[in-house]
Structures are given as C-alpha cells and as structure tokens.
Amino acid sequence: MRRRTAAVFLVRRARGGGLDQAAQFLGINPENKRMGYTQLLNRRLRTSGKARDFEQALDAITAELLAGPVIDYQHRREALATWTLEPETWQHMLTRLSDLTSHRKPISDDRRRLAVSAYIWTRVTEGEPDFAPCPPHIAPDPALRAVWTRERHNVFHWLRTTAHQPYYDALKPLLEDHAEHLAKEIDRR
C-alpha cells in the first residue's frame, strides 16, 4: 500500500494534477476509496520525521524520470486492456519446453495461457498482478473469473520462486522475451 501511495505521489509530482488523476494514470481506481491511504502515509512520514527525506527522494526520482525517455504506461495498459497471449504463441512456447511439459498434466480451459497473459501484462505495463485485466470472455462469469484469479496467483507464485520449479524456470525467460517484444511493438505504434 505504501509503495502504491508513493507511486501516486511521484506521478502527481512528475505529471501535475491531483492524486485521483495520478492514481488513474497508474491504473489504480480511486473511486469510492478517496485515496485514504495517502493520509496514512503522510501521517507516518510526519511522525517518523521522514517527510522531508521523502519529498527529496520524490524530487530526485522525478528529475531522473523527466531527464530520460518517457514510457507511456497508460498507452500500454490501454493497448493490452483486452489482450491475451495468442494460443499459437503459447503453443510455440510449450514446444520449447517439451522435455519439461511431458510429465505435466494439461490444464483445461486454457487457464495457464490466460494466467501467463496476466504475467506478461505486468511486465509490459509495470503494473501489479492484482490490476491485470481479466480476459473479457471470462470476466462476466464469477466462477471462471475466480478460477482465473486463482491460476494467475499460482503462476505468479511459481514464476517468483523458480529455483525449485524447472518448468517455470525455463518458462520465465520466454515470457520476459515476449513481454519485451510486445512492449516495443506497442511503443512503436
């Protein structure tokens, strides 16, 4: 929560505008929340005596961001709002993991492909997994959405802890490469 709040403050500093606009730019929906956690962070900074340090850090990061090329993450999120990894691309990735997938039980409903789509979304948009859009064809169905959420959580867990999972250890660089390629394509457009 503090990291999200700090990001909102940083975006507000770099782009101007209010906290709500900064949150929306980051893909955080402030409606009905009124950014109450920003007050918590402000209070914590004041009571700890770190408010000035925090402001100086924001100034330094803002200067660094404005000095380099600007990536339009909002454009990336909009471009990927209804995107999922293409089935053919997913199958191609799986063929590159053939030795590791032969013993794995296939998952029905294409759940793993949709879950890794969320992972790629986070890499391209620098967003958080909880903000990854649910694939549009399953979003209206609460049961399918719950399965997707659970599978997404599992995939993210295994991709973070690849040391004991050869399958995810081999899959992760393929997903990273695809995310990098996709980001370049979106930015080029």
- request: State in Å² the accessible area per residue of the chain; use a 1.4 Å probe, count heavy atoms of protein chains only, and round to the nearest integer.
  value: 62
message: Taking 8 Å as the Cα distance limit and 6 or more residues as the minimum spacing, I'd like the relative contact order of the chain as a percentage.
response: 20
field: Cα-projected label distance for residue 39 with residue 53, points at 7 Å along beta-carbon direction, nm
entry: 2.6
- prompt: What's the FRET efficiency of residue 145 with residue 46 using the Cβ-Cβ distance as r and R₀ = 25 Å, to the nearest 0.05?
  reply: 0.05
message: Accessible area of the chain with a 1.4 Å probe: how many percent of it is carbon plus sulfur?
response: 51
- line: Rounded to the nearest 10 Å², the 1.4 Å probe accessible area of residue 169 is 80
message: Multiplying the sequence separation of residue 153 and residue 81 by 0.36 nm and subtracting their Cα-Cα distance, what value in nm do you get?
response: 24.0 nm
HN-Hα J in Hz across segment 81-96 - Karplus 6.51, -1.76, 1.60, θ = phi - 60°, x for Gly and Pro: 4, 10, 7, 9, 4, 5, x, 5, 5, 4, 4, 4, 4, 5, 5, 6
task: Scan segment 114-189 for GluC sites (Glu not before Pro) in coil per DSSP, keeping those whose Cβ has at most 16 other Cβ atoms within 10 Å, and list them by number.
output: 126
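The values are calculated or read from the model by the stated rules, or taken from the named source; none is laboratory data. Here the structure is a predicted model, which means the values were calculated and not measured. Backbone-built Cβ (ideal geometry, glycine too); neighbour counts: all protein chains shown. Surface areas here come from the heavy atoms of the whole protein model, side chains and all, with no ligands, DNA or RNA. Shrake-Rupley method; radii C 1.70, N 1.55, O 1.52, S 1.80 Å.
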